[in-house]
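To start, the structure itself, in structure tokens.
Just so it is clear, none of the values below were taken in a lab; they were calculated from the coordinates. All figures in this text were calculated on a predicted structure; none of them were measured in a lab.
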Amino acid sequence: MSTLREPVGPKDKSVYVRRRIIVLVALLAVVAAVVLIILKPGGAGGASDAPKVSVPSDLGDTAAKPTTSAGKNSTPACAEGELVVTPITDKASYAEGEEPKLSLKVENRGTKACSADLGTATMTFAITSGSDQVWLSTDCQKKPDHRSIILQPGKPLETETITWDRTRSSKDTCDISRDPVTAGGASYHLKVAVGSAQGDGTAQFILG
């Protein structure tokens, strides 16, 4: 049956129309109130319940931003020969008992930005004395990680330092006391690598 049927009775037609308009407005107000109660802002299923995504801080102007599950880093990997790796020691000579601090520098010698894994899982630090390799950073490495970093051309990056305790290393001596190396003016060389990119020369130093 139609809601707005023709009015009958002694009253004027406009009176019936006004009454029915008032009734309709009241019904609409009730419906609107029910909808607001069901879809109350901030209630279950509302926008405020959506998980908040925290974006990690950038690692620097030359660093790669962390990729998300929705996409991958579009910067191409550095080609072989584009990366130049240089060994660094904090001093050229160390007093008796003083422990050398080792690091390396990586530079993109290409013409375009490229990405490289500069995590500890891809880096090696080796110390030699003549033909004798006395220490290797990966012998007793714990929790190696991977870090995809974007390298801009001509903007080298230097790693944080690691400390050498002046002892010989091997995979068999990680949980026992290791033998100290010869000091008293002995000469040593630091050689480094990042993945397949071998270091450019060595860094020589003296142990007092």
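Overview of values
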| quantity | calculated |
| --- | --- |
| Sequence-separation-based contact order of the stretch 87-208, relative, with Cα cut under 8 Å and 6+ spacing, percent | 37 percent |
| Added length on full extension, which subtracts the Cα-Cα distance from 0.36 nm per residue, A183 to D90 | 31.7 nm |
